[in-house]
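Below: the structure, in C-alpha cells.
The values are calculated or read from the model by the stated rules, or taken from the named source; none is laboratory data. Given the structure is predicted, the values throughout are model-derived calculations rather than measurements. A quick note on method: Cβ atoms are made from the backbone with ideal geometry, for glycine too, and the neighbour counts reach across all protein chains shown.
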Ligand SMILES: Cc1ncc(COP(=O)(O)O)c(C=O)c1O
C-alpha cells in the first residue's frame with residue numbers, strides 16, 4: 001500500500017468498516033434522520049435517543065463505502081453520552097477538518113484518522129455524510145421521528 | 001490468472017494478431033496526446049471510455065485550426081471567413097451522414113449531445129402526438145437521458161411509460177418486449193449498447209416488431225457508434241442519437257438522425273436565428289431541414305472536431321479495431337473473474353467494450369479511489385442507470401470501459417491494482 005493510500009485508509013477506518021459499531025435500529029429513538037449521497041448511492045439512517053439534552057443512545061443503518069461506513073460508526077461512538085451542544089460542536093470540528101475549511105477548534109482525537117480525506121475531494125462527502133445526517137437529526141424539533 | 005509470463009504471451013499474441021489485421025493499438029495510442037501524460041509517475045490506464053473518450057491530435061488540430069484560420073459565424077456572412085466556416089461545418093454534416101448511412105444530409109441535425117437529441121424527439125415528436133392512455137415503451141437498461149425526457153412528456157400528456165425488463169445476464173427480455181408492445185405504443189426508446197452492462201441490443205428486430213405495430217423507434221447510440229458499425233437504414237430506426245465526445249470527438253456536440261418525413265412533420269424544438277426563413281410579428285416561416293432544428297449559433301468548432309474524429313476513425317481498419325476491443329474485453333473478463341469475490345455484472349452473449357463488476361466486501365467507490373492512486377481510471381457509481389442498478393440489487397458497480405487505444409498493459413494495470421484492493425480489504 002503506498003503512503004497516500006495509507007493516509008486515507010487508516011487501520012482504524014478499515015476496522016470500523018469491517019466491524020461497524022452501533023449498527024442497527026434503535027427501538028426507543030426519539031429522533032431519526034436519513035442521509036443520501038447521490039454521487040455514490042450511499043444511504044444512512046440515523047437513530048438518536050435524546051433525553052435532558054444528552055445523546056443517551058445512537059445507532060445507524062445503511063450501506064456505503066468504507067469511508068462513509070467507518071465515519072458513521074466512529075461518529076456514533078464519539079457522540080454517545082455527549083450533550084447536544086457538544087455533539088453539534090463535534091460536527092463543526094469534523095466538517096472543518098474534512099473540508100479543510102474554517103477554523104480548526106482543536107484536536108478531534110480518534111476522529112483525526114479522517115484527516116486524509118481532504119486530499120480526496122471526491123471522497124469528502126463520504127466522510128461527512130453521517131455527520132450531516134447527525135446535524136439534521138439534532139436540529140429537528142424534539143420528539144420528532146420524521147425524516148429530514 | 002494473469003501472471004507475468006502469460007501476460008507476455010498474450011501481448012505477443014495480440015501484437016501478432018494486430019499485425020495481421022493492420023491495427024496497432026500502441027501506435028494509435030500515440031495519436032492521443034493526453035495518454036503521454038503521467039499520473040503519479042505512472043502511465044495513465046484510461047479505462048473510463050464509456051464516460052468520455054480521449055481526443056486524437058487530429059481532432060484537437062481541427063478545432064484549433066477553425067479558431068486560428070476560419071473563425072466566423074456560419075450561414076450568415078458573405079465574407080470569406082464565414083464561407084470557409086460554413087463549408088467546414090457543413091462538410092462535417094456530410095461526414096456524419098456517411099458515417100451513419102443516412103440517405104439525406106437533411107436528416108442529420110447537430111445537437112449538444114445524446115441528451116439534447118432525445119429531448120428534441122420527446123418535445124417535438126412525442127409531445128404533440130401523445131394522447132392520454134398512449135404508451136411509450138423503454139427498457140430497464142436505459143440511461144437516465146432515455147428515461148427522464150419520456151417521463152416528462154408522458155406526465156404532461158397523460159401517457160403511460162412502460163418498461164421492458166432485463167434478464168439476470170443483462171439481456172433484454174424479448175418475450176416481455178413483444179408482450180408490452182401494444183396497440184397504444186406510440187414510441188419505443190432503446191439503448192443500442194448499454195453503458196452500464198455493455199449489452200448490444202437486437203435493435204433491428206426491435207425496430208421490425210415496433211413498426212409492425214405502428215410504433216416509431218428512437219435508438220440511443222451513445223455507446224454504440226465508437227465500437228460497432230452503425231447503419232441507420234439497415235437498422236431501420238426512425239431516430240438515432242449519439243454524442244461526439246464518446247466517439248473521440250469534442251464535448252458539446254452530438255447528432256440526431258431522423259427520418260426525413262418524420263422531421264418534416266415535426267414543429268421546431270427551439271426558436272431563434274437560423275431556424276427561420278422569414279419572421280414577421282404575424283407569421284414566421286421555418287427554415288428547411290436540418291436548420292429548422294438548429295436554432296441559434298451552433299457549436300461550430302465542435303461540429304468540425306466531430307467531423308475530424310469520424311475521419312480519424314474512418315482511416316483505421318474498423319473491423320480490426322472492433323476485434324482488438326473484443327479481445328481486451330475477453331482478456332479483462334477472464335483475468336478479473338479469477339479474483340476471489342469478484343463478480344461481473346452483465347454477461348450478455350453480445351456485448352462490447354464495457355466490464356462492470358463488484359467485489360465482495362468492498363464498495364465500488366473504494367475500488368475507484370484505490371486504483372486511481374495507481375493510475376487506473378475507471379468509473380464507479382450507478383452510471384446514470386439507477387433503475388438498472390436497482391434491478392440487480394446493487395447501489396453501484398465499478399466499470400472498466402475500453403477504447404481503441406487501450407492495450408493489454410492497461411488490463412494488466414487494472415488487474416494488479418485490483419489485487420492491491422484485495423490486500424487492503426482482506
Ligand atoms: C447510453 C447513454 N445514453 C446517453 C448518454 C448521455 O450522453 P450525453 O451526456 O453526452 O448527452 C450516455 C452518456 O453518459 C450514455 O452512456
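From (1) at pLDDT 95 or above; (2) surrounded by 18 or more Cβ atoms within 10 Å (Cβ to Cβ); (3) farther than 18 Å from residue B:53 by Cβ, pick out the condition that doesn't hold for residue B:389.
The single condition residue B:389 does not satisfy is (1).
Quick check on residue B:226: is it within 16 Å of the ligand (Cβ to nearest atom) and in contact with a helix residue (DSSP H, G or I) (Cβ under 7 Å, 6 or more places away or on another chain)? It would help to see each step written out before you state the result.
Numbers: within 16 Å of the ligand (Cβ to nearest atom): yes; in contact with a helix residue (DSSP H, G or I) (Cβ under 7 Å, 6 or more places away or on another chain): yes.
Considered against the rule, which asks whether it is within 16 Å of the ligand (Cβ to nearest atom) and in contact with a helix residue (DSSP H, G or I) (Cβ under 7 Å, 6 or more places away or on another chain), residue B:226 comes out as yes.
Quick grid of which residues meet (1) surrounded by fewer than 16 Cβ atoms within 10 Å (Cβ to Cβ); (2) in contact with a strand residue (DSSP E or B) (Cβ under 9 Å, 6 or more places away or on another chain):
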| position | (1), (2) |
| --- | --- |
| A:42 | no, yes |
| A:85 | yes, no |
| A:90 | no, no |
| A:99 | yes, no |
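Would you list the strands (runs of 3 or more DSSP E) that sit entirely within region B:112-211 and hold 1 or more residues that are within 14 Å of the ligand (Cβ to nearest atom) and either away from chain A (no Cβ under 14 Å) or surrounded by 21 or more Cβ atoms within 10 Å (Cβ to Cβ) (or both)? Reasoning before the result, please.
Numbers: elements: B:135-139, B:160-164, B:185-191.
So the answer is B:135-139, B:185-191.
Among the residues of region B:101-111 satisfying the criterion of being more than 16 Å from the ligand (Cβ to nearest atom) and surrounded by 18 or more Cβ atoms within 10 Å (Cβ to Cβ), which is farthest from the other protein chains (Cβ to nearest Cβ)?
In the first step, residues of region B:101-111 are kept if they are more than 16 Å from the ligand (Cβ to nearest atom); the result is B:101-108.
Filter again for surrounded by 18 or more Cβ atoms within 10 Å (Cβ to Cβ), leaving B:102, B:106-108.
On the way: B:102: 38, B:106: 40, B:107: 37, B:108: 35 Å.
This residue is B:106.
Does residue B:271 satisfy the criteria of being away from chain A (no Cβ under 14 Å) and either outside any helix (DSSP H, G or I) or more than 16 Å from the ligand (Cβ to nearest atom) (or both)? Working first, answer last.
Details: away from chain A (no Cβ under 14 Å): yes; either outside any helix (DSSP H, G or I) or more than 16 Å from the ligand (Cβ to nearest atom) (or both): yes.
Yes, satisfied.
From the list B:35, B:81, B:47, pick out the single residue that is away from chain A (no Cβ under 14 Å), within 16 Å of the ligand (Cβ to nearest atom) and more than 15 Å from residue B:247 (Cβ to Cβ). Spell out how you get there, then give the answer.
Details: B:35 fails: within 16 Å of the ligand (Cβ to nearest atom); B:81 fails: within 16 Å of the ligand (Cβ to nearest atom).
B:47 is the lone residue from the list that is away from chain A (no Cβ under 14 Å), within 16 Å of the ligand (Cβ to nearest atom) and more than 15 Å from residue B:247 (Cβ to Cβ).
Does at least one position in region B:245-253 carry a residue that is part of a helix (DSSP H, G or I), more than 14 Å from chain A (Cβ to nearest Cβ) and within 10 Å of the ligand (Cβ to nearest atom)? Give the derivation first.
Going residue by residue through region B:245-253, those that are part of a helix (DSSP H, G or I) are B:245-246.
Filter once more, so that each one left must be more than 14 Å from chain A (Cβ to nearest Cβ): B:245-246.
From the residues that got through so far, the ones that are within 10 Å of the ligand (Cβ to nearest atom) too are B:245-246.
There is at least one residue in region B:245-253 that is part of a helix (DSSP H, G or I), more than 14 Å from chain A (Cβ to nearest Cβ) and within 10 Å of the ligand (Cβ to nearest atom).
When region A:20-45 is examined, which residues are found to be farther than 27 Å from residue B:383 by Cα and not in a loop (DSSP other than H, G, I, E, B)? Step through it out loud before you land on a result.
Keep residues of region A:20-45 that are farther than 27 Å from residue B:383 by Cα, which gives A:20-32.
A:23, A:31, A:32 - these are the residues of region A:20-45 that are farther than 27 Å from residue B:383 by Cα and not in a loop (DSSP other than H, G, I, E, B).
Among the residues that make up region A:46-57, is at least one of them within 24 Å of residue A:119 (Cα to Cα) and either within 14 Å of chain B (Cβ to nearest Cβ) or within 15 Å of the chain's Cα centre (by Cα) (or both)? Walk me through how you get there before you give the answer.
First pass over region A:46-57, keeping only residues within 24 Å of residue A:119 (Cα to Cα): none.
Looking through region A:46-57, none of the residues is within 24 Å of residue A:119 (Cα to Cα) and either within 14 Å of chain B (Cβ to nearest Cβ) or within 15 Å of the chain's Cα centre (by Cα) (or both).
Please go through region B:36-72 and give me each residue that is within 10 Å of residue B:300 (Cβ to Cβ) and either outside any loop (DSSP other than H, G, I, E, B) or touching a helix residue (DSSP H, G or I) at 6+ places or on another chain (Cβ under 6 Å) (or both), ordered by number.
Taking region B:36-72 first, the residues within 10 Å of residue B:300 (Cβ to Cβ) are B:63, B:66-67, B:70-72.
Within region B:36-72, B:63, B:66, B:67, B:70, B:72 meet the criteria.
Being under 12 Å from residue A:112 (Cα atoms), surrounded by 18 or more Cβ atoms within 10 Å (Cβ to Cβ) and more than 9 Å from chain B (Cβ to nearest Cβ) is the filter here, so list the residues in region A:1-19 that pass it. Walk me through it before giving the result.
Within region A:1-19, the subset under 12 Å from residue A:112 (Cα atoms) is A:7-8, A:10, A:12-13.
Keeping just the survivors that are surrounded by 18 or more Cβ atoms within 10 Å (Cβ to Cβ) gives A:8, A:13.
Matches in region A:1-19: A:13 only.
Determine which single condition residue B:65 fails, assuming it passes every other condition in (1) surrounded by fewer than 24 Cβ atoms within 10 Å (Cβ to Cβ); (2) touching a strand residue (DSSP E or B) at 6+ places or on another chain (Cβ under 6 Å); (3) closer than 30 Å to residue B:316 by Cβ.
Of the numbered conditions (1) surrounded by fewer than 24 Cβ atoms within 10 Å (Cβ to Cβ); (2) touching a strand residue (DSSP E or B) at 6+ places or on another chain (Cβ under 6 Å); (3) closer than 30 Å to residue B:316 by Cβ, the odd one out for residue B:65 is (2).
Does any residue of region B:216-223 turn out to be within 15 Å of the ligand (Cβ to nearest atom) and within 14 Å of another protein chain (Cβ to nearest Cβ)?
Within region B:216-223, the first condition is being within 15 Å of the ligand (Cβ to nearest atom), and the residues that meet it are B:218-223.
Those left that are additionally within 14 Å of another protein chain (Cβ to nearest Cβ): none.
No - not one qualifying residue is present in region B:216-223.
Checking residue B:397 against (1) away from the ligand (no atom under 16 Å from the Cβ); (2) within 11 Å of chain A (Cβ to nearest Cβ), which test does it fail?
(1)
With respect to residue B:242, is the statement that it is buried (at least 24 other Cβ atoms within 10 Å of the Cβ) and either modelled with pLDDT of 95 or more or out of contact with any helix residue (DSSP H, G or I) (no Cβ under 9 Å at 6 or more places or on another chain) (or both) true? Spell out the reasoning first.
Values: buried (at least 24 other Cβ atoms within 10 Å of the Cβ): yes; either modelled with pLDDT of 95 or more or out of contact with any helix residue (DSSP H, G or I) (no Cβ under 9 Å at 6 or more places or on another chain) (or both): yes.
Yes.
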